[in-house]
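The structure appears below as structure tokens.
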Amino acid sequence: MQSHHSPSEKRLFRAISLLKDEKECEAFFEDICTIKEIMDMAQRLDTACLLDEGLNYQTISRKAGVSSTTISRVARCLNYGSGGYKTVLSLLKEKENADEI
């Protein structure tokens, strides 16, 4: 499948993939994004986590502070998207399990 991303977008993804730890990620995202953009992305990830847990839209809306439209969009991406949410959710679960050991 051919990528539809511009060279600038590819450079952004490459730059993110080169960051070595959470501290570097925080610094980069604080510089490149507004506080609102970071909060919005965090809410979408929270929403994906809650959907993955099997919670209903009303509960997710209350817990994550998002609209049903946002929940629906995240659910659509989880089910029919590129697999990014699923990859991140799996990696987060692996990290949590490793930290418990």
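How many residues are part of a helix (DSSP H, G or I), under 18 Å from C77 (Cβ atoms) and among the aliphatic types (A, V, I, L, M) if we restrict to the stretch 17-63?
Within the stretch 17-63, residues that are part of a helix (DSSP H, G or I), under 18 Å from C77 (Cβ atoms) and among the aliphatic types (A, V, I, L, M) number 7.
Give me the pairs: first residue in the stretch 20-36 and under 21 Å from E9 (Cβ atoms) and without any contact (Cβ under 8 Å) to a residue 24 or more places away in the chain, second residue hydrophobic (A, V, I, L, M, F, W, C) and outside any helix (DSSP H, G or I), beta-carbon distance under 7 Å, and six or more apart or on different chains, which are they?
C25/L19; F28/L19
Which condition number does A48 fail, the rest of (1) touching a residue at least 12 places away in the same chain (Cβ under 8 Å); (2) loosely packed, with under 13 Cβ neighbours inside 10 Å; (3) not polar (S, T, N, Q) being met?
Result: A48 fails condition (2) only.
A quick yes/no check of all residues on (1) of a type outside the set (S, T, N, Q); (2) surrounded by 13 or more Cβ atoms within 10 Å (Cβ to Cβ); (3) over 15 Å from the mean Cα position of the chain (by Cα):
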{"residue": "P7", "(1), (2), (3)": "yes, no, yes"}
{"residue": "K10", "(1), (2), (3)": "yes, no, yes"}
{"residue": "F13", "(1), (2), (3)": "yes, no, no"}
{"residue": "C33", "(1), (2), (3)": "yes, yes, no"}
{"residue": "N56", "(1), (2), (3)": "no, no, yes"}
{"residue": "V88", "(1), (2), (3)": "yes, yes, no"}
{"residue": "L91", "(1), (2), (3)": "yes, no, no"}
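Looking at (1) of a type outside the set (K, R); (2) surrounded by 11 or more Cβ atoms within 10 Å (Cβ to Cβ); (3) assigned to a helix (DSSP H, G or I), which is the one condition that is false for V66?
(3)
Which number in (1) surrounded by 11 or more Cβ atoms within 10 Å (Cβ to Cβ); (2) outside any helix (DSSP H, G or I) marks the one condition that S82 misses?
With respect to (1) surrounded by 11 or more Cβ atoms within 10 Å (Cβ to Cβ); (2) outside any helix (DSSP H, G or I), S82 is out only on (1).
Quick note: the coordinates plus some simple rules give every number you see, no bench work behind them. Small disclaimer: the values here were computed from a predicted structure and weren't measured. Cβ sites come from the backbone with ideal geometry, for glycine too, and all protein chains shown count toward neighbours.
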